[in-house]
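> I'd like to ask some things about the structure below.
The values are calculated or read from the model by the stated rules, or taken from the named source; none is laboratory data. Since the structure is predicted, the reported quantities are computational estimates derived from the model, not experimental observations. For neighbour counting, all protein chains shown are included, and Cβ atoms are generated from backbone atoms with ideal geometry for every residue, glycine included. Quick note on the areas: whole protein, heavy atoms, side chains included, nothing else; ligands and nucleic acids left out. Shrake-Rupley method; radii C 1.70, N 1.55, O 1.52, S 1.80 Å.
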Amino acid sequence: MTTFALIDANAFYCSCERVFNPALNRKPVVILSNNDGCIVALTKEAKALGLKRGTPVFESRDLLEDNDVAVFSSNYELYGSMSARMMQTIASLTPAIEVYSIDECFADVTSLPNLTTLGQDLRARIMQWLGLPTCVGFGETKTLAKLANHLAKDYAGLNGVLDWTALTSLQKTRAMHKTPVGELWGVGRRLAEGLNRLGVETVLDFYDADTGVIRRHFGVTAERVQREIRGVVCYPFMEKPAVRQRIGRSRSFGEPTDKLADLVSSVAVHMSEAAMLLRKEGLKANKVHVYFFTNPFKTEAPQHVVDVTVPLTQPSADTLVLTHAAIALVKAHYREGFFYKKSGVGLLDLVDENVSDRAPSLFDPEPDPLLGPIERPRLMTTLDQVNRRYGAGTLKLGATELSHDWRMKRDHLSHCFTTRFEDVLQVS
């Protein structure tokens with residue numbers, strides 16, 4: 001019988017901030033979205049004040065200030081680094097892991113005994129090595145492991161770990177009866193509302209519901225969730241993630257801009273990030289996609305939307321080649337007099353880096369002499385190694401520095417404690 005573990009960090013973004021600022025422990029903390037627009041993560045102390053995820057900051061400003069809530073802008077570099085360290089720590093105690101999101105992963109623990117002890121060992125090691133609080137759930141399927149993890153979070157007496165496989169039938173029934181169906185992995189708000197209309201209020205109701213009725217009303221996805229809570233594996237363990245179909249990067253601007261330099265700089269930054277990930281996953285792109293647009297909600301203002309894709313003469317993972325193609329698209333489609341709100345890039349039609357280049361065509365454009373050789377693998381390897389060792393952006397293209405005016409508003413940004421030497425904490 002297959003057994004899955006689901007390990008995730010509690011209030012991950014907030015916990016990352018607390019690791020490097022212990023004065024925040026047991027105090028309310030919130031993390032803001034891009035451009036400091038709304039609350040995207042918060043601690044239980046912040047929830048107790050009535051704050052909620054998704055609430056715009058301007059609606060909560062008085063509550064935040066009156067209660068001395070610690071407010072942080074999203075620090076993606078810090079959270080990404082802490083996530084990688086957390087996954088490495090989990091891998092040190094389990095045979096194989098499947099990273100599910102930035103703060104959680106599945107592990108295949110089929111061959112391991114004493115799962116509750118393993119769960120406590122995982123929690124202790126992650127806390128000791130990283131300072132992050134976690135919870136662990138075990139189950140015969142991924143959905144049951146997620147359910148066990150949810151219960152481990154909600155019931156303090158479980159000490160952060162629940163092995164669903166060790167429960168008696170009566171204990172499982174009671175747990176499912178106490179859990180709303182909307183708490184199940186794979187059951188979103190709309191599906192939960194639909195199930196509620198059929199009288200399916202709890203996980204136990206869903207477990208007992210007629211499978212034919214579930215399939216007829218909600219389709220095969222809901223049926224799979226039901227089968228999973230009955231112990232039938234519908235979502236197998238995937239140690240290696242599926243090959244990506246595309247890689248994209250985008251951000252809204254801090255303020256709308258009508259400057260070409262802002263668009264060029266933003267697209268160059270996005271493409272540098274996307275190209276680095278492309279190489280990390282051993283892929284090349286056959287097409288470059290670029291888009292930028294004005295604010296569609298300001299209907300009184302002139303509107304302009306650009307969404308274009310260009311094929312490359314050869315698949316590439318070279319930052320210079322990809323950025324050159326993207327900037328050319330920006331310059332070709334930019335129009336004066338429009339204030340753009342967001343830009344983004346995509347790398348499409350991805351292939352393995354070892355796939356042979358196709359034969360040249362009579363109709364291929366002439367290579368740009370400014371770019372030199374189409375591929376510079378040694379240069380790209382050096383670029384990635386330096387940026388991984390000394391921090392993102394240590395080496396970068398000149399185009400990324402044309403302007404900083406477009407960059408996101410992040411007035412409450414903490415330091416990149418784990419990736420930049422100048423931000424490393426000093427103890428005196």
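> Only one of the values (1) 21.7, 66; (2) 20.1, 66; (3) 24.5, 73 was calculated from this structure for Rg and Dmax of the Cα atoms in Å; name its label.
So the structure-derived entry is (3).
> How large is the accessible surface per residue of the chain, computed with a 1.4 Å probe and reported in Å² as a whole number?
Normalised by residue count, the accessible surface of the chain is 53 Å².
> By how many degrees, between 0 and 90 and to the nearest 10, does the Cα long axis of helix 142-154 differ from the longest principal axis of the chain?
70
> Using just the helices of the chain, give the 222 nm mean residue ellipticity in deg cm²/dmol: DSSP H runs with n ≥ 4 each add -39,500 (n - 2.57), and the total is spread over all residues, rounded to 500.
The helix-only estimate for the chain comes to -12000 deg cm²/dmol at 222 nm.
> Moving on. Would you please state which residues of the range 147-174 a label at Glu183 would reach in this model, taking the label point 7 Å out along Cα→Cβ and a backbone N cut-off of under 11 Å?
Those under the cut-off are 147-156.
> Related question: Just order 13-23, 401-411 by mean Cβ neighbour count inside 10 Å, highest at the front, would you?
13-23, 401-411
> Tally up the carbon and sulfur contribution to the accessible surface of the chain as a whole percent, 1.4 Å probe, everything protein left in place.
53
> Across 5 Å bins from the origin, how do the percents of Cα pairs in the range 15-54 run, short distances first?
Spelled out bin by bin, the range 15-54 gives 6, 26, 29, 23, 15, 2 percent.
> Rounding to the nearest 20 debye, state how big the charge dipole of the chain is about its Cα centre with +1 on each Lys and Arg Cβ and -1 on each Asp and Glu Cβ.
I would put it at about 520 debye.
> Of all chymotrypsin sites (Phe, Trp or Tyr not before Pro) in the range 111-164, which ones are in loop regions per DSSP and have a Cβ with at most 16 other Cβ atoms within 10 Å?
Hits after loop and neighbour filter: Tyr155.
> Starting from the alpha-carbon convex hull of the range 241-333, give the projected area averaged over all orientations, in nm².
Across all orientations, the range 241-333 yields a mean hull projection of 6.8 nm².
> Moving to a separate point now. Rounded to the nearest 0.05, what FRET efficiency do Ala261 and Ser92 have when you use their Cβ-Cβ distance and R0 = 56 Å?
0.75
> In whole angstrom, note down how far apart the Cα centers of the range 279-303 and the range 133-193 are.
Taking the Cα centre of each part, the range 279-303 and the range 133-193 sit 39 Å apart.
> To one decimal place, what orientation-averaged projected area in nm² is obtained for the convex hull of the Cα set of the range 149-198?
For the Cα atoms of the range 149-198, the hull's average projected area reads 4.1 nm².
> Moving on to the next point. Roughly how tilted is helix 211-229, in degrees to the nearest 10 and between 0 and 90, from the longest Cα axis of the chain?
The two axes meet at around 80 degrees.
> Which angle from 0 to 90°, rounded to the nearest 10, does the C-alpha axis of helix 377-390 make with the longest principal axis of the chain?
Taking the Cα atoms of the chain, the angle to 377-390 is about 50 degrees.
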